[in-house]
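Asks: I have a structure I would like to understand better, so I am pasting it below and will then ask my questions one at a time.
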Amino acid sequence: MILEAKVAIVTGGARGIGRGIALALAKEGATVAIADVRDATPVVDEIERRGGRATSDRCDIRQSGEVDAFVAQTAQAFGTVDILVNNAMAARVGVPISELTDSDIDLALTTGPTATLYFMRACYPHLVGKGRVINLRSGSEMSGIPGYTAYLAGKAAVAGITRNAAREWGRDGITVNAICPFALSESAQATFDASPGMLDAIYGQLSLPRTGDPEADIGRTVVFLAGPDASYITGCTIAVDGGGTFVS
Ligand SMILES: NC(=O)c1ccc[n+]([C@@H]2O[C@H](COP(=O)([O-])OP(=O)(O)OC[C@H]3O[C@@H](n4cnc5c(N)ncnc54)[C@H](O)[C@@H]3O)[C@@H](O)[C@H]2O)c1
């Protein structure tokens, strides 16, 4: 168990990729604290049934006060925070730029880069000397998809945060990396249901034409980046998307 005695915060761990990441981290011994607006109790129960340790609380990641309280409460309960996974994000997609509402733009930017910075800022004192930050990017930010501009603006900002934080925090003993995932989460499934043919088109572009498994593929990559074998890796992005994205 390579993450024994580590404490990890996972945002958006109630479902989808975040759930897979939470399960994978707990399986390696980390105590996992899930921050989500959705009820994450079923994921906590699943981790405990498997013999792991987890907790969850309602936290709207767009509200800095709620983020600060969640981080303080986690550190108080478990002694520190070693690993931060900024996974949660929400956006309305399939909307042309000319039809984006103020709230569409606000949602993508506040749940993406703003929330990522809120959590990084709040976790910093705990991360100094040993911390690992893993941010969720998107490969489509590099290739582009019409109708995804607000979402991908948020992801591009998360990419910039990842690179710059790696520079700024290296001397503090904190690594900051990112993952571009592909998995059939609930929200991804809803997108594909609304756009017939889109999933087949994506399969056509993948080198490995299958969807990723949130726990076995994406969760295990987070475990690697959070674990001892990745101590000399920072500022990097790993695409865990079947060869859909080549990050160079
Ligand atoms: N699914 C994919 O193939 C894919 C591809 C590229 C990038 N990503 C990225 O991976 C991450 C996870 O994706 P997913 O498909 O599992 O998403 P999802 O929508 O299925 O799950 C997101 C989780 O975040 C939570 N959340 C949303 N807004 C929140 C808020 N304001 N406060 C707290 N929690 C909030 C939701 O309740 C949910 O549990 C996201 O950052 C997404 O952009 C996913």
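Each reported figure results from applying straightforward, stated rules to the coordinates on display, with no laboratory input. In this text, all values refer to a predicted model and were calculated from it rather than measured experimentally. All Cβ positions, glycine included, derive from the backbone under ideal geometry; neighbour counts span all protein chains shown.
Asks: Using only the alpha carbons of the stretch 7-240, what is the convex hull's orientation-averaged projected area in square nanometres?
Replies: Averaged projected hull area, Cα only: 12.2 nm².
Asks: Another question, then. Taking neighbour Cβ counts within 10 Å as the exposure measure, how do Met1, Met89 sort from fewest upward? Numbers along the way, then the final one.
Replies: Details: Met1 11, Met89 26.
In order of increasing Cβ crowding within 10 Å: Met1, Met89.
Asks: Taking other Cβ within 10 Å of each residue's Cβ, how do Glu28, Glu66, Glu48 sort, fewest first?
Replies: The most exposed by this proxy come first: Glu48, Glu66, Glu28.
Asks: Using a Debye calculation, one point per C-alpha and no hydration shell, please list log10 I(q)/I(0) for the stretch 1-119 at q = 0.11 Å⁻¹ in order.
Replies: With one equal scatterer per Cα and no solvent, log10 I(q)/I(0) is -0.37.
Asks: Roughly what percent of Cα-Cα pairs across the stretch 98-145 reach past 12 Å? Mind dumping the intermediate values first?
Replies: On the way: 818 of 1128 pairs.
Everything past 12 Å amounts to 73 percent.
Asks: Would you mind putting 109-120, 144-155, 49-60 in packing order, based on average other-beta-carbon counts within 10 Å, highest first? Could you put the intermediate results ahead of the total?
Replies: Numbers: 109-120: 22.7, 144-155: 19.1, 49-60: 16.5.
The densest-packed peptide leads the list: 109-120, 144-155, 49-60.
Asks: Could you name the lysines in cross-link range of Lys155, using Cα to Cα under 26 Å and dropping any fewer than eight places away on the same chain?
Replies: Result set, ordered by chain and number: Lys130.
Asks: Using only alpha carbon positions, build the gyration tensor of the stretch 56-177, then give the equivalent ellipsoid semi-axes as the square roots of 5 times its eigenvalues, largest first, whole angstrom.
Replies: That gives 28, 17, 9 Å for the three semi-axes.
Asks: Moving to a separate point now. Quote to one decimal, in nm, the extra length available between Asp45 and Leu206 on full extension: 0.36 nm per residue of separation minus the C-alpha distance between them.
Replies: Contour length minus Cα-Cα distance gives 54.5 nm.
Asks: Additional query: Dividing the convex hull volume of the Cα atoms of the stretch 123-248 by its residue count, what figure in Å³ per residue is obtained?
Replies: 117 Å³
Asks: Could I ask something else about it? Among Ser98, Ser231, rank each residue by its count of other Cβ atoms within 10 Å, from fewest to most, as a rough exposure measure.
Replies: Listed from fewest to most nearby Cβ atoms, that is Ser98, Ser231.
Asks: Now a separate question. Relative contact order for the chain: what is it in percent, counting Cα pairs under 8 Å that are at least 6 residues apart?
Replies: On the way: 506 pairs, mean separation 52.1, N = 248.
Relative CO of the chain lands at 21 percent.
Asks: Another question, if that's okay. Rounded to the nearest 20 debye, what is the charge dipole size of the stretch 101-248 about its Cα centre when +1 sits on each Lys and Arg Cβ and -1 on each Asp and Glu Cβ?
Replies: Working: 10 positive and 14 negative charges, 140 e Å.
Taking the Cα centre of the stretch 101-248 as origin, the dipole is about 680 debye.
Asks: Please list 206-212, 159-165, 218-224, 18-24 highest first by mean number of surrounding beta-carbon atoms within 10 Å per residue.
Replies: 18-24, 218-224, 159-165, 206-212
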